[in-house]
Amino acid sequence: MIKVEKLHKSFGNHEVLKDITTEIKKGQVVSIIGPSGSGKSTFLRCLNLLETPTSGTILIGGQNLMESKKDNQKIRQQIGMVFQHFHLFPHMTVLENLTYAPIKVKGEKKSVAEEKARVLLKRVGLSPKEKAYPSSLSGGQKQRVAIARALAMEPELMLFDEPTSALDPEMVKEVLDVMKDLAKSGMTMAVVTHEMGFAREVADRVLFLDHGVLVEEGNPVEFFNNPRTDRARDFLEKVL
Amino acid sequence: MNLDFSQMVPYIPFMLEGIWVTLKFVFFAIILGAIFGTLLALCKISHIKPLRWAADAYTSVFRGTPLILQLMIIYYAVPQLTGYDIDAFLAAILAFGLNSSAYISEIIRAGIQAVDKGQMEAAHALGIPYRAMMKDIILPQALKNILPALMNEFITLTKESAIVSTIGYLDLMRRAQVVGADLFRNFEPLLFVGVIYWCLVMGLTVIGRMFERRLKKSD
């Protein structure tokens, strides 16, 4: 699905990502964890070119992202993204948030887009809120709408950038439940998270980043029970 | 006290006609200023350096010189260069529209930059093209924040429009002067058009408030 080779990213003189090579297979759920400042969000944002990598290749479905500058929009349409701070469009209702891009970008008919949006809202448990504006929703509800908005574009890959970090503790579960449900449905997902429970339970693979280096990757049971590197062991001791 | 409004009565229709004359060119100047100001603002936040540079230079010139000077250059000096005998109406629209666009572009630029950066990222992530993103997502949010500043600019423009009286354009202000000269009484006609200007500005204020309320419905 997505192949990353020798990815580097620098901001000025500061090298944030150093030589990252990895792969996400179709249907896989990959958790990206690591201390803050380790470059995990930057890595995720490189995957849909919100950050332009300094060098390296990113192949999605055989197409090199770095070479096809013109097709950025096309590629981004296939990749959904969920942000820490939701970034819903505040001047649009929940339903309009979901239907705007499918109508504008994919040229879907309004009635079709709305029908699909209602199905998605039902899936995230927010059907009664379709006419509400984002400002009247709780954090957990906003994030569920944001997930539905990304899904409305029918992406092949979903990126989650710390989706629960800005939520009150009692709202984390409702968002994680939606994500678990999504993982079960076979969606390919890359999730930057501090929720070790989610990484352990739901992920097929864990990537551990530290200081911009992909230090360790593997299946979650092995990683959490038997980390191979000292750095991963240190980190896990602090967070678990 | 030497005040006699009765002598002014026959001139009232003449002065009232000035409302229409003033509103006509103010309306077009606001439209020109708003459209051109928006384009300038987009240039100012663009990644293309020459565009940014040109827009900044434009603003610096039109904000850095008196409006009355710009008006006089357009009305009196440009015909000398081009041979085209510009009429007062067009000169007024151009001078006020071009001048106002410099101020409006600054207001809009600030408004766009105040919109949360995440909004642009969300739009990028959904594959929304630049034009649609600006038109449907960024500018509507910017507009909500800058509406009071924008109304202020329109009010200023409406009042400062009195400057066109200096090129002989028969607006409200000019008509008051004409009547004053005719009657040898200035206080009454000046007071009369003063009240009219105030009413116009109050009208604008009410329209602005209505707009603001409509944009606030998503709060």
Query - Residue among A:L95, A:L44, A:L59 that is at pLDDT 85 or above, assigned to a strand (DSSP E or B) and more than 10 Å from every other protein chain (Cβ to nearest Cβ) - result: A:L59
Query raised in the report: Among B:A122, B:A149, B:A102, which is among the hydrophobic types (A, V, I, L, M, F, W, C) and more than 25 Å from B:L69 (Cβ to Cβ)?
Result: B:A122
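If you scan segment B:125-141, which residues turn out to be open to solvent by 60 Å² or more (accessible area, probe 1.4 Å) and facing another protein chain (nearest Cβ under 7 Å)?
In the first step, residues of segment B:125-141 are kept if they are open to solvent by 60 Å² or more (accessible area, probe 1.4 Å); the result is B:130-131, B:135.
Across segment B:125-141, there are no qualifying residues.
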Report summary line: Of A:K18, A:K3, the only residue that is under 17 Å from the mean Cα position of the chain (by Cα), under 20 Å from A:V215 (Cα atoms) and open to solvent by 10 Å² or more (accessible area, probe 1.4 Å) is A:K3
Query raised in the report: Within segment B:8-33, how many residues turn out to be crowded, with 18+ Cβ neighbours inside 10 Å and more than 16 Å from the chain's Cα centre (by Cα)?
Result: 4
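Restricting attention to segment A:75-103, and to residues there that are among the aromatic types (F, W, Y) and touching a residue at least 40 places away in the same chain (Cβ under 8 Å), which single residue is nearest to B:A125 (Cα to Cα)?
Within segment A:75-103, the first condition is being among the aromatic types (F, W, Y), and the residues that meet it are A:83, A:86, A:89, A:100.
Cutting the leftovers down to touching a residue at least 40 places away in the same chain (Cβ under 8 Å) gives us A:83, A:86, A:89.
Values: A:F83: 10, A:F86: 12, A:F89: 13 Å.
Top of the filtered list is A:F83.
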**Report entry** Flag if A:A232 is of a type in the set (G, A, S) and either loosely packed, with under 13 Cβ neighbours inside 10 Å or under 19 Å from A:S36 (Cβ atoms) (or both)
**Finding:** yes
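One line per residue, one yes/no per condition, for (1) over 30 Å from A:G139 (Cβ atoms); (2) among the aromatic types (F, W, Y):
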residue: A:D19; (1), (2): yes, no
residue: A:G37; (1), (2): no, no
residue: A:P53; (1), (2): yes, no
residue: A:I60; (1), (2): yes, no
residue: A:F83; (1), (2): no, yes
Query raised in the report: Considering segment A:191-213 alone, what residues qualify as being crowded, with 20+ Cβ neighbours inside 10 Å, under 13 Å from A:S41 (Cα atoms) and of a type outside the set (G, A, S)?
Result: A:V191, A:V192, A:T193, A:L207, A:F208, A:L209, A:D210
Query raised in the report: Looking at this structure, is A:Q143 within 30 Å of A:T22 (Cβ to Cβ), within 12 Å of another protein chain (Cβ to nearest Cβ), buried (at least 17 other Cβ atoms within 10 Å of the Cβ) and polar (S, T, N, Q)?
Result: no
Query raised in the report: Just wondering, is there one or more residues in segment B:83-94 that are without any contact (Cβ under 8 Å) to a residue 40 or more places away in the chain, part of a helix (DSSP H, G or I) and either polar (S, T, N, Q) or in contact with a helix residue (DSSP H, G or I) (Cβ under 7 Å, 6 or more places away or on another chain) (or both)?
Result: no
Query raised in the report: Looking only at segment A:104-118, which residues are surrounded by fewer than 18 Cβ atoms within 10 Å (Cβ to Cβ) and either closer than 22 Å to B:E121 by Cβ or at the interface with another protein chain (Cβ under 9 Å from one of its Cβ atoms) (or both)?
Result: A:K106
Report summary line: (1) surrounded by 15 or more Cβ atoms within 10 Å (Cβ to Cβ); (2) within 10 Å of another protein chain (Cβ to nearest Cβ) all hold for A:K74 apart from (1)
Report task. Sort through B:A122, B:A102 and tell me the only one that's in contact with a Lys or Arg (Cβ under 9 Å, 6 or more places away or on another chain) and within 10 Å of chain A (Cβ to nearest Cβ). Result -> B:A122
**Report entry** Where A:A150 falls short, out of the listed (1) hydrophobic (A, V, I, L, M, F, W, C); (2) surrounded by 14 or more Cβ atoms within 10 Å (Cβ to Cβ); (3) more than 14 Å from chain B (Cβ to nearest Cβ)
**Finding:** (3)
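Just a yes or no: is a residue in segment B:142-163 touching a Pro at 6+ places or on another chain (Cβ under 8 Å) and open to solvent by 30 Å² or more (accessible area, probe 1.4 Å)? Quick ask: steps written out before the conclusion?
Here is the first cut: in segment B:142-163, the residues touching a Pro at 6+ places or on another chain (Cβ under 8 Å) are none.
Scanning segment B:142-163 turns up no residue that is touching a Pro at 6+ places or on another chain (Cβ under 8 Å) and open to solvent by 30 Å² or more (accessible area, probe 1.4 Å).
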Query raised in the report: How many residues does segment B:194-214 hold that are surrounded by 12 or more Cβ atoms within 10 Å (Cβ to Cβ) and basic (K, R)?
Result: 1
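Which residues, taken from segment B:89-106, are open to solvent by 10 Å² or more (accessible area, probe 1.4 Å) and under 11 Å from the mean Cα position of the chain (by Cα)? Even if it seems obvious, please write down each step before you answer.
Narrowing segment B:89-106 to residues open to solvent by 10 Å² or more (accessible area, probe 1.4 Å): B:89-90, B:93-94, B:98-99, B:103, B:106.
Correct list: B:I93, B:L94, B:L98, B:N99, B:Y103.
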Report task. Return the pairs, sorted by first residue and then second, in which the second residue is of a type in the set (S, T, N, Q) and not in a helix (DSSP H, G or I), the first residue lies in segment B:149-175 and is farther than 23 Å from B:V206 by Cβ, the beta carbons are less than 8 Å apart, and the residues are 6+ apart or on different chains. Result -> none
Report task. Please work out which one of (1) more than 16 Å from the chain's Cα centre (by Cα); (2) modelled with pLDDT of 95 or more is the condition A:R123 fails and give its number. Result -> (2)
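The values are calculated or read from the model by the stated rules, or taken from the named source; none is laboratory data. All of these numbers come straight from a predicted model, not from anything done at the bench. Don't worry about glycine lacking a Cβ; one is built from the backbone with ideal geometry, like all the others, and counts go over all protein chains shown. Calculation scope for accessible area: heavy atoms of the full protein, side chains included, ligands and nucleic acids excluded. Shrake-Rupley method; radii C 1.70, N 1.55, O 1.52, S 1.80 Å.
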